[in-house]
Amino acid sequence: MILYHGSNMCIEEPLLLRFLRSLDFGKGFYTTTDFEQAKKWAQQTVHVRSEGKASVTCYEISDSDISSLNILCFDKPDEKWLEFIAANRKNALEGNEFDLIKGPVANDQTFPTIILYLDGYLDAEACIKRLLPQKLKDQYTFKTEKALALLKFIEVKKI
């Protein structure tokens, strides 16, 4: 499988950053199978940081390597996925025993809906109903050094 990481630089050797990140799946190295999604992440990173050049780094990982990991998989945006994202976005999730978490992305288009859920204006059912038509892209979040070591650098594409 080919995975893409969008950033403001080429990342041949990915690292697990130690600072707290209030993202969908918490701290980790985020990738996607969708090149266009990675391209958007790269452009957004350059915009937010005001430095670097939008770059998509391409990696390969085998299915057998993935199957050797302890994986948490969300097949679709459902209540468990929403609760997990909400806990990460609130920095309320303690610890994490998974090597890899994969599931839909709560992106810029979905975030206003998730904010309404986090603030109590929408219940889980109403929130998910609003999210389902948005054709959410996927994300693979590498949470451990063991998992990260399985990614094989292929190339970088400057955007």
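Please indicate, with yes or no, whether at least one residue in region 15-24 is within 14 Å of the chain's Cα centre (by Cα) and either at pLDDT 95 or above or buried (at least 18 other Cβ atoms within 10 Å of the Cβ) (or both). Checked region 15-24: at least one residue is within 14 Å of the chain's Cα centre (by Cα) and either at pLDDT 95 or above or buried (at least 18 other Cβ atoms within 10 Å of the Cβ) (or both).
Just for helices (runs of 4 or more DSSP H) wholly inside region 108-159: which have at least 2 residues that are under 15 Å from Glu83 (Cα atoms) and open to solvent by less than 80 Å² (accessible area, probe 1.4 Å)? Can you show your working first?
Working: elements: 111-118, 124-131, 145-148.
Those helices (runs of 4 or more DSSP H) span 111-118, 124-131.
Can you confirm whether Thr45 is of a type outside the set (Lys, Arg), under 21 Å from Leu16 (Cβ atoms) and part of a strand (DSSP E or B)?
Values: of a type outside the set (Lys, Arg): yes; under 21 Å from Leu16 (Cβ atoms): yes; part of a strand (DSSP E or B): no.
So Thr45 fails the test.
Residues that are in a helix (DSSP H, G or I) and touching a helix residue (DSSP H, G or I) at 6+ places or on another chain (Cβ under 8 Å) were ranked within region 49-104; the one that is nearest to Leu3 (Cα to Cα) is Ile85. Read through the list (1) open to solvent by 40 Å² or more (accessible area, probe 1.4 Å); (2) within 13 Å of Phe25 (Cβ to Cβ); (3) without any contact (Cβ under 8 Å) to a residue 12 or more places away in the chain, then give the number of the only condition that Cys73 fails. Unmet for Cys73, out of (1) open to solvent by 40 Å² or more (accessible area, probe 1.4 Å); (2) within 13 Å of Phe25 (Cβ to Cβ); (3) without any contact (Cβ under 8 Å) to a residue 12 or more places away in the chain: (3).
Could you check Lys39 against (1) free of Cβ contacts under 8 Å to residues at least 40 places away in the same chain; (2) of a type outside the set (Gly, Ala, Ser); (3) open to solvent by 50 Å² or more (accessible area, probe 1.4 Å); (4) part of a helix (DSSP H, G or I) and say which number it fails? Against the list (1) free of Cβ contacts under 8 Å to residues at least 40 places away in the same chain; (2) of a type outside the set (Gly, Ala, Ser); (3) open to solvent by 50 Å² or more (accessible area, probe 1.4 Å); (4) part of a helix (DSSP H, G or I), Lys39 comes up short only on (1). Of the residues contained in region 139-147, none is found to be farther than 19 Å from Leu17 by Cβ and over 15 Å from the mean Cα position of the chain (by Cα).
Which of the residues belonging to region 109-132 are of a type in the set (Asp, Glu) and either in contact with a strand residue (DSSP E or B) (Cβ under 8 Å, 6 or more places away or on another chain) or in contact (Cβ under 8 Å) with a residue 24 or more places away in the chain (or both)?
Applying the first criterion (of a type in the set (Asp, Glu)) to region 109-132 yields 119, 123, 125.
Answer for region 109-132, where residues must be of a type in the set (Asp, Glu) and either in contact with a strand residue (DSSP E or B) (Cβ under 8 Å, 6 or more places away or on another chain) or in contact (Cβ under 8 Å) with a residue 24 or more places away in the chain (or both): just Glu125.
Here is the figure for region 44-67: residues that are of a type outside the set (A, V, I, L, M, F, W, C) and surrounded by fewer than 14 Cβ atoms within 10 Å (Cβ to Cβ) total 11.
The values are calculated or read from the model by the stated rules, or taken from the named source; none is laboratory data. Predicted model, so just to flag it, every value in this text is computed and none were measured. Here the Cβ is made from the backbone with ideal geometry for all residues, glycine too, and neighbour counts use every protein chain on show. Keep in mind that these areas ignore ligands, DNA and RNA; they rest on the heavy atoms of the full protein, side chains included. Shrake-Rupley method; radii C 1.70, N 1.55, O 1.52, S 1.80 Å.
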